[in-house]
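**Student:** The following block contains the structure, expressed as structure tokens.
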Amino acid sequence: MPRISVIVGSVRRNRFAHRPAAWIHGHLAKRADVEAELLDLADYPMPFYEEPVSPARKQAPYDHAVVEAWTARIGAADGFVIVSPEYNHSFPAVLKNALDWVYREWVRKAVAFVGYGGSGGIRAVEQLRLVAVELQMAPLRSALHLPVELLIAHRDGGPVEERLAALDAAAAAMLDDLIWWTNALRAARG
């Protein structure tokens, strides 16, 4: 059975990313055709990538135990959903670092995105797609762009889950597409 990992792409205090990540993970956990895993970057405090060689040439074992654990989790997954805020027209440095530490384990795997921010995270997702292509991943055309009202509700202690539920149909459609690509690429890798 394919494994889809949902990556919480922010470690900021008072962050919002864990809420839509838990929501997407919940959608996946209800399905009988995949195994779902939640990966929170807060649980993987990796140093900034400064190795003398490219990640494409680096293989386990790594000098850092947390990088070794992160790489193992990425290698065990068949597909991904990355949940990311938009900071200054891009995605967070901590997420870029997590992507950069790994190479072979990302290759030929499908990835979908959930973005949020002032513009629904559109620019962050666009940049994430470019990075995913360089990592030889298959980024989905469709993504979820959460309205800024969700961030305001989170900040004010409002009903975020109720507002996320309004996007359940869009989430299900994106996940159906992700699982199709995950299965196709998993079979091809086999």
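The values are calculated or read from the model by the stated rules, or taken from the named source; none is laboratory data. In this text the structure is predicted, and so the values were computed from the model without any measurement. All Cβ positions, even for glycine, are placed from backbone atoms using ideal geometry, and neighbour counts span all protein chains on display.
**Student:** If the Cβ limit is 9 Å and pairs must be 6+ apart or interchain, which residue in the stretch 1-25 that is farther than 15 Å from GLU37 by Cα pairs with which residue that is among the β-branched types (Val, Ile, Thr) and at pLDDT below 95?
**Tutor:** Matching pairs, first to second residue: PHE16/VAL160.
**Student:** For the subset of the stretch 84-109 comprising residues that are in contact with a Pro (Cβ under 7 Å, 6 or more places away or on another chain) and part of a loop (DSSP other than H, G, I, E, B), which member is surrounded by the most Cβ atoms within 10 Å (Cβ to Cβ)?
**Tutor:** Checking each candidate, the answer is TRP101.
**Student:** Given (1) within 25 Å of ARG73 (Cα to Cα); (2) part of a helix (DSSP H, G or I); (3) among the charged types (D, E, K, R); (4) touching a residue at least 24 places away in the same chain (Cβ under 8 Å), identify the lone condition not met by ASP176.
**Tutor:** (4)
**Student:** Under the condition of being closer than 20 Å to ARG163 by Cβ and either touching a residue at least 40 places away in the same chain (Cβ under 8 Å) or touching a Ser or Thr at 6+ places or on another chain (Cβ under 8 Å) (or both), which residue from the stretch 26-37 is surrounded by the fewest Cβ atoms within 10 Å (Cβ to Cβ)?
**Tutor:** Step by step, filter the stretch 26-37, then rank; the result is HIS27.
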